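These notes are about the structure you will find just below.
No value in this document is a laboratory result; all are computed from the given coordinates. On a predicted model such as this, the values are computed, not experimentally measured, just so you know. All Cβ positions, even for glycine, are placed from backbone atoms using ideal geometry, and neighbour counts span all protein chains on display.
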Amino acid sequence: MSIVLPELPTAVTVPEVMAALRFSRSKVYDLIRSGTLPSFTEGRARRIPLDALRTYINNKLEEAA
């Protein structure tokens, strides 16, 4: 018997980023507007690539070190 894990998304929503980082909606949009957190839109849906979120977190960890 093998365990099947759900496929991870390649991009997440603003509310998912808010929950992951424990940031407010306005803070996430400030990061997006400043270009610190790259994102894209498709229609009205804004998405943040997981790689961009990981890069943001890694950069913050390096700054703190």
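Those residues that are in contact with a strand residue (DSSP E or B) (Cβ under 7 Å, 6 or more places away or on another chain) and surrounded by 16 or more Cβ atoms within 10 Å (Cβ to Cβ), I need them from segment 6-33; list them, please.
Answer for segment 6-33, where residues must be in contact with a strand residue (DSSP E or B) (Cβ under 7 Å, 6 or more places away or on another chain) and surrounded by 16 or more Cβ atoms within 10 Å (Cβ to Cβ): Ala11, Val12, Val14, Val17.
Regarding Arg46, is this residue surrounded by 14 or more Cβ atoms within 10 Å (Cβ to Cβ) and of a type in the set (Lys, Arg)?
So Arg46 passes the test.
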